[in-house]
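Only one structure is covered here, and it is reproduced in the block below.
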Amino acid sequence: MGTWLATIRFPDGTERYAEYSTVVGSTYNPLYPEVCRVGETLPSGNECYRDEAVGEPLPYDRAAPLAPIGELVLVTVTLQPDDDVWHALYCPRSGALVGPLSGFYRYALQEEYDLVRDGDGIRHLCHWARPPAVCGAQPDGERSGLYFPSLGMYWSGDTDGAYLDSPPAPDLFAEWNAPDICHPCLLAWLRKPEPAPAAASEPAAPSTWWTRRKRFWQA
Ligand SMILES: [Zn+2]
């Protein structure tokens, strides 16, 4: 439990750094310009025992409206200690990492969504592999086969080992720059508020491990 360093790499080679909390399973804004490596001296004067983001936090405006889709920047996030890598979107107007803020998003998508082609060949994200798509389109073509519901996930309510039997979950945001992927679908999925937690007297919402994470991002 604690925080790990997340390294954000931009297309021009720039690196920024952020903290990732293992408690909530999320990368945090703001981003930092520098990193202090193990064995170096932290700004506090203490020795650095775990790579840590340091320096003046880069300005970011939580309230700024999201940049138009064409201005969003595809970055990679590399998370210590296992160097897990996933693709995410960065908003240059707000200076914030938009998301996904956790590599676990791959499993969440795989568990509930498929990509379905429309008549123009565009792949849309469809909940439970059925139209309508997240963006509102009504694609009825070929499915990508992403969808792999995992009952174990609903039952355990936790991530540990629950997806071990699933096929590898693709990093869908890696395809952000592909000409046939629907940007509004991916972005709407990323920004869609999760339903409020059920009252204690109601049955628990499915996919609880993921909805908890995503609510935290959107808090
Ligand atoms: Zn779409």
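The values are calculated or read from the model by the stated rules, or taken from the named source; none is laboratory data. Every value quoted in this text rests on a predicted model; they were computed, and no experiment measured them. Here the Cβ is made from the backbone with ideal geometry for all residues, glycine too, and neighbour counts use every protein chain on show.
Structure data summary
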item	result
Any hit, the stretch 159-170, residues being among the acidic types (Asp, Glu) and either within 16 Å of the ligand (Cβ to nearest atom) or modelled with pLDDT of 95 or more (or both)	no
Boolean, Gly45 is farther than 14 Å from Pro30 by Cβ and not hydrophobic (A, V, I, L, M, F, W, C)	yes
Subset of the stretch 64-84 [under 12 Å from Val98 (Cβ atoms) and either of a type in the set (S, T, N, Q) or not in a loop (DSSP other than H, G, I, E, B) (or both)]	Ile69, Glu71, Val73, Leu74, Val75, Val77
Sole residue being surrounded by fewer than 18 Cβ atoms within 10 Å (Cβ to Cβ), in contact (Cβ under 8 Å) with a residue 40 or more places away in the chain and within 13 Å of the ligand (Cβ to nearest atom), chosen from Gly121, Gly141	Gly121
The listed residue being surrounded by 20 or more Cβ atoms within 10 Å (Cβ to Cβ) and either at pLDDT below 95 or in contact with a strand residue (DSSP E or B) (Cβ under 7 Å, 6 or more places away or on another chain) (or both), out of Gly55, Gly99, Gly2	Gly99
The one condition in (1) modelled with pLDDT of 90 or more; (2) buried (at least 16 other Cβ atoms within 10 Å of the Cβ) that Phe148 fails to fulfil	(1)
Selection status of Ile8, within 17 Å of the chain's Cα centre (by Cα), closer than 30 Å to Asp140 by Cβ and not assigned by TED's automatic domain parsing to the domain that holds Leu146	no
Subset of the stretch 124-138 (residues that are away from the ligand (no atom under 13 Å from the Cβ) and touching a residue at least 40 places away in the same chain (Cβ under 8 Å))	none
Residue among Tyr90, Tyr60, Tyr49 that is more than 15 Å from Trp176 (Cβ to Cβ) and in contact (Cβ under 8 Å) with a residue 12 or more places away in the chain	Tyr60
Filter result (in a strand (DSSP E or B) and within 26 Å of Pro65 (Cβ to Cβ)) within the stretch 85-112	Trp86, His87, Ala88, Leu89, Tyr90, Cys91, Ala96, Leu97, Val98, Gly99
The stretch 107-118 - residue that is over 12 Å from Leu186 (Cα atoms) and modelled with pLDDT under 95 and, of those, nearest to the ligand (Cβ to nearest atom)	Glu112
